[in-house]
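The values are calculated or read from the model by the stated rules, or taken from the named source; none is laboratory data. These numbers were taken from a predicted model, which means no experiment stands behind them. Glycine gets a Cβ as well: all are built from the backbone with ideal geometry, and neighbour counts include every protein chain shown.
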Amino acid sequence: MTEIALFPLSSVLMPLSRIPLQIFEKRYVDLVARCMRENEGFGVVWLQQGSEVSGGSLDLPDISQLGTNALIVDWDQLPNGLLGISIEGRQRFAVESVWREADGLIKAEVLLDAPPGKVALPNQYDGLAEVLKSLLRHPQVSQLNLPLDFADGWTVGFQLAQLLPLDESIKHALLGVDSLEQLLEELDKLLREMSGEEPA
């Protein structure tokens, strides 16, 4: 069991993927400073409904019990003066217990999965890698400087799940998939539906 700080977001973070964050609450500014100083991460969990702003309350938000451990890979001061960071998902975790500290920061005891290992992308899913390559041409995506490996199935699957315009509930379901074959199959099906194609 591992104790980590949690950062509830309205977005799901996939392993091997990156998202930008804008930090403005003091508890998270302090968390980011500590993580950068000590080279440690924090947990990202999907905020399923409502707001995470505590307003001094010790009540816990409605968060998912499945999350992704994240590391800060870049930071900058944004034009609005706030702190901007880029985080990269490393491995999934299951939340076992959760509580709110006096400063409002949420912490949890979690069970960490092993980071996804390298598995060759099956030939029948080469089209998914091509879709990912096309998404990477978008300026906002290219700025993320994603760790690319088009031959690795988990990298292609998780990054595609992160970047596609899917409902967060669907992304959360994809995060929970344990089989690479199932993840790629679900993504292929979703892409066919988005393009109006009949299922194979």
Can you report the number of residues in the range 1-49 which are outside any strand (DSSP E or B), among the polar types (S, T, N, Q) and under 16 Å from the mean Cα position of the chain (by Cα)? 3
Meets criteria (within 19 Å of LEU66 (Cβ to Cβ), of a type in the set (A, V, I, L, M) and either in contact with a helix residue (DSSP H, G or I) (Cβ under 6 Å, 6 or more places away or on another chain) or not assigned by TED's automatic domain parsing to the domain that holds GLY157 (or both)) for VAL119: no
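So that you can scan it fast, the table gives a plain yes or no per residue for (1) at pLDDT 90 or above; (2) of a type in the set (Phe, Trp, Tyr); (3) surrounded by 14 or more Cβ atoms within 10 Å (Cβ to Cβ):
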| residue | (1), (2), (3) |
| --- | --- |
| LYS26 | no, no, no |
| ARG37 | yes, no, no |
| GLY43 | yes, no, yes |
| LEU58 | no, no, no |
| SER64 | yes, no, yes |
| ASP74 | yes, no, yes |
| PRO79 | no, no, no |
| GLU88 | yes, no, yes |
Residues of the range 152-200 being within 23 Å of VAL45 (Cα to Cα) and either among the small types (Gly, Ala, Ser) or not assigned by TED's automatic domain parsing to the domain that holds LYS133 (or both), which ones? GLY157, ALA161, SER169, ALA173, GLY176, SER179
So how many residues does the range 110-127 have that are part of a strand (DSSP E or B) and surrounded by 15 or more Cβ atoms within 10 Å (Cβ to Cβ)? 2
Residues being in a helix (DSSP H, G or I) and of a type in the set (Asp, Glu): count how many of those fall in the range 143-200. 6
